[in-house]
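Here the structure is laid out as structure tokens; the discussion comes afterwards.
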Amino acid sequence: MVSIATFFGGATPLRIPPTSISTMRRRPTEIVSPLLGGIGVDYLLTARSSPKEVADATREIIKACAPGGRFLLAPVYAHSEMDMEKVKVMLETAWEYGKYPIAL
């Protein structure tokens, strides 16, 4: 499974494994622009996943990437197979756990 992280300024999509987005966050001197994305659409935001999987992944990404700011939670890209109910779960989870100060 591969996620895509997009960095503003460079506008170059980077293909990285989903677990590596937190590694990108831990290298702040290399990231000048906000980190965007984190929630994979190849499985998580499709009908194949469960709402619990989406909520768990959303909390994990917020915990790993949001402290310190410069992180915008979002699907890594949009496509026609996205399940809007799963997007809603992602947004509700972000609303509950993504407020600063992050306390996960």
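The values are calculated or read from the model by the stated rules, or taken from the named source; none is laboratory data. Here the structure is a predicted model, which is why all the values come from computation and not from measurement. Neighbour counts are summed over all protein chains in view; Cβ atoms, including those assigned to glycine, are modelled from backbone coordinates with ideal geometry.
Structural remarks
- Filter pass, residue 19 being among the polar types (S, T, N, Q) and at pLDDT 90 or above: no
- Number of positions in region 64-88 that are in contact (Cβ under 8 Å) with a residue 40 or more places away in the chain and either part of a strand (DSSP E or B) or within 12 Å of the chain's Cα centre (by Cα) (or both): 6
- For residue 58, the conditions (1) among the polar types (S, T, N, Q); (2) closer than 15 Å to residue 37 by Cβ; (3) without any contact (Cβ under 8 Å) to a residue 24 or more places away in the chain all hold with the exception of (3).
- Residue 49 vs. criteria modelled with pLDDT of 60 or more, closer than 23 Å to residue 95 by Cα and polar (S, T, N, Q): yes
- Test result for residue 99, of a type in the set (Lys, Arg), at pLDDT 70 or above and assigned to a helix (DSSP H, G or I): no
- Residue match in region 60-67 (condition: surrounded by 15 or more Cβ atoms within 10 Å (Cβ to Cβ), under 17 Å from residue 104 (Cβ atoms), among the small types (Gly, Ala, Ser) and modelled with pLDDT of 60 or more): yes
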